[in-house]
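Read through the structure below, which is laid out as structure tokens, and then see the notes.
We did not get these values from a lab; they are worked out from the coordinates using the rules stated. Because the structure is a prediction, the values reported are computed rather than measured. Don't worry about glycine lacking a Cβ; one is built from the backbone with ideal geometry, like all the others, and counts go over all protein chains shown.
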Amino acid sequence: MPATLAELPVGSSAIVQAMPTGRSCLTRLREMGIVPGTRVSVTRRAPLGEPIEICVRGSHLSMRNHEAAFIAISAA
Amino acid sequence: MSAAAPETPLIAIVGNPNSGKTTLFNLLTGLKQKVANYPGVTVEKKIGECYSQHGKKLRLIDLPGAYSLNARSPDEAVLRDVLLGRRPETPRPDRVVCVLDSANFERNLYMAGQVLELGLPTILVLNMVDVAEQREWRIDAIKLSEILGIPVVKTNAISGQGLIELKLALSREDISPPKWQNAALPEGVKAALEHSRDEMRQAGVIHTRSSLLEPLYLLSDHDPTHYGIADTQIARIHELRSRMETDFPGWEDALVAERYRRIEELCAQVLKRPDQEIETITTKLDRILLHPVLGFVNLLLVLGLLFFLIFKVAEGPMGWIEAGFGQFGAWVEGLMSPGDFRDLIVNGVVPGVSGVVIFLPQILILFFFIGIMEDTGYMSRLAFIMDWAMSKVGLNGKSFLPFLSSYACAIPGVMAARTIDSPKDRLITILIAPLASCSARLPVYSLLIGVLFPVGEVGAFVQAGIMLGLYSLGTLGAFFFAWVFNKFVMKGSASPMILEMPSYKMPALKSILLQVWQRARMFLVRAGTIILGISILIWAASTYPKTAGDDSAKQMEHSFAGRAGKLIEPAIAPLGYDWKIGIGLIGSFAAREVFNSTMSVVYAVESGDDDNLAPLRDKLAAERRPDGRLVYTPLVCISLLVFYVFAMQCVSTIAIVKRETGSWKWAMFQLGYMTGTAYLLSLLIFQIGSALGY
């Protein structure tokens, strides 16, 4: 099982396990719906590895590996 | 809108980006709107008028789109400040229309929940119901209205569905504050916020009747510019914030989680959606438009179309504008008696204004195109595809289109940077945009390449190769400086690239045309007034003091411009230029292509026409210095070409940069770094080249 959202393969989903607190770059992701306990899935990855497109709460978002690597996940 | 009676209610329209909020605003107000900037910041303030279904006059304010009241950009800070009644020039709205994208209902509820917490009478609008239906998301509006105790209206801003229901809701004056409990705060956090509120009240940061939400949002302000908070108060707010962080680590994050917990509870009651995401037009289109190969091919086609429209289709109207102004000039010339005043109109004002208006077709096309791309949702895909490349120089995918547009003209490019939400990325994009070789450099490049390699000696391929080299040089320079600014000039936290991928939808053409018109008008008024002044100055500089006789070359030498050329000769001689080139450089600061017409006057060549450069080119190629050496040696030509690649020589762009960044500081910084780079590089080329014996 991959450890972070950055490693989650395209097409699979997982549950957000933990996110470090107090990082303002993650605050916005939380406000966009990615909080511990939320189900996320990876829709696609850009050809050169990033950004990744994810689906959370039915909304589609893109982010880079740098941010995604902060988001610890566990099996859905 | 001072004409409106004070009792006319002010209704704020708020919502996430891509919720169709502005389309709805445009639909309600039509042409009856006034666009300005909020004082001190480049955030558009749009106020319009409309009538409720019962004929009552209403004032509507379209607030910037945002994902949260926890501001991260000046746009979001404006939203927060208006809703909290913190802006002196904008009264606190009486009611709020909160627009939600039904197809992203759960995520959109986050900011909607924050707005409901404020306790203002609110109407919820579930927009884009058609897209939600495609996804088989069913929202029970009646139940939602019951739970929240406020009107809930379903609309489709593109077809106009639900507009009458919305207008009916707008007529209601009995809307009660929403039944939405404020997010529960842990006792300690609550006490700390109460303490902060007392302090802020005493310091006069907030008004006396403020709820806990005001200190809460001020303490969690993530806008790097801290817009809306006075400098003297920022230090104190920072102190309070770090104390909160030490005492209650992660309190903000816990608050977000708490809000989403309550949203999940609400969604369980009112939202039904399939367990698996079903195929929609969006998922199907994305499989092609974001395909590793097809997506890129499509992107090239889209950009190819854009360039075709900007360079080829715009050519016609640009020619008509030029011809129209030419005829107008001739008509005035015939009408007035000869004299300085006629000369001012015919040779100063008319060409000056024409030089600005001529860009209008390109600007209209570009903004229309951008409007379509944004409204359909393709813009996010373009940013997705280009993000990797842009990230290498520290920018993000959203900077790509504004930069690309600058190859046509930096003015629309700089204005298009408004679509970049990160203030830092936006500023860097504006600063590097004029390094893209714009169409005004093309005539200068053609002339000098022609002097460098007279036709016949080398093939057209070499000429094209040099042209391509100049474009590449500008592009590399832009990327280099983006990297430098990112690394050294504008430190501070890199804002993360978070890009929403909205559902594709049909563009709302009327709404887009309205915005195109607003942008175009802004360009004409702002750039127009400055360039008019400058063109009068340049005209005066080459007209006075006067010489006897009709020799225009003599007149030029004797004029202020000629003297200025001689004055700067010591500074530009190390670059290989003489005072005559100096006059051309000075003239170019009005617009680069002026170099050609100025040089025609300087050398008294009959035709300075862009279509026929041959007489001027031959004259330049034959020109010799007093000691008999050629003026335009290959080395001088290269030095001059490089100068034109890098130098900031366009007053219109300077004026727009001043406007878009809100201060002269960045406009002057840009002028300095670009022209400084141009000078240094040309100096190095000429000096090293000369030393090597070229």
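Can you find, among B:90, B:111, B:129, the residue farthest towards the positive end of the dipole of region B:87-134? Put +1 on the C-beta of Lys and Arg, -1 on that of Asp and Glu. Comparing the listed Cα positions along the dipole, B:90 ranks first. Of B:435, B:465, B:515, which is farthest towards the positive pole of region B:431-520's charge dipole, taken about the Cα centre with +1 and -1 on the beta-carbons of Lys, Arg and Asp, Glu respectively? Selected residue: B:515. Going from the residue with the fewest nearby Cβ atoms within 10 Å to the one with the most, B:517, B:539 rank B:517, B:539.
If you count Lys pairs in region B:10-171 whose Cα atoms are under 19 Å apart, skipping same-chain pairs closer than 8 places in sequence, the total is 19. What number does region B:126-216 give for Rg over Rh if you use C-alpha atoms and the Kirkwood radius? With Rh from the inverse mean 1/r over Cα pairs, Rg/Rh is 1.16. Could you grab the relative contact order for region B:519-691? Cα pairs under 8 Å, six or more apart, rounded to a whole percent. It comes to 21 percent, rounded to a whole number.
Seen against the Cα atoms of chain B and their longest principal axis, helix B:251-270 is set at about 70 degrees.
Taking amide hydrogens as placed 1.01 Å from N in the peptide plane, the amide H of residue A:44 sits under 5 Å from those of A:53, each at least 5 positions away in sequence or on another chain.
Packing-based ranking of A:69-75, B:540-546, B:155-161, B:429-435 yields B:429-435, B:155-161, A:69-75, B:540-546, ordered from highest to lowest mean Cβ neighbour count within 10 Å. When Rg and Dmax are taken over the Cα atoms of the protein assembly as shown, they come to 29.3, 92 Å.
Put in line by how crowded their Cβ is, counting other Cβ atoms within 10 Å and starting with the fewest, B:495, B:588, B:690, B:242 read B:242, B:690, B:495, B:588. Shape class of chain B from the Cα gyration tensor (axes a ≥ b ≥ c, square roots of the eigenvalues): prolate, since a/c reaches 1.5 or more and a/b is larger than b/c. Backbone phi angles across region B:313-326, fed through the Karplus curve with coefficients 6.51, -1.76 and 1.60 (θ = phi - 60°), yield HN-Hα couplings of 5, 5, 4, x, x, 5, x, 5, 4, 4, 5, x, 5, x Hz in residue order; Gly and Pro are listed as x.
Checking every one of the GluC sites (Glu not before Pro) in region B:170-225 against DSSP loop status and a limit of 16 other Cβ atoms within 10 Å picks out B:173. Projecting the Cα atoms of B:257, B:666, B:382 onto the dipole axis of the protein assembly as shown, where Lys and Arg carry +1 and Asp and Glu carry -1 at the beta carbon, places B:257 farthest toward the positive end. Our summary gives region B:1-144 a relative contact order of 25 percent, counting only alpha carbon pairs under 8 angstrom and 6 or more residues apart. One quarter of the surface of the convex hull around the alpha-carbon atoms of region A:5-75 equals 4.1 nm², the direction-averaged projected area. The C-alpha atoms of chain B define a longest principal axis, and helix B:187-203 lies at about 50 degrees to it. Each Cα pair under 8 Å and six or more residues apart adds its separation to the average, and for chain B the resulting relative contact order is 10 percent.
Using the alpha-carbon centroid of each, what span in Å lies between region B:616-632 and region A:3-76? A separation of 65 Å, based on Cα centres. The angle separating the long axis of helix B:509-543 from the principal Cα axis of greatest extent in chain B is about 30 degrees.
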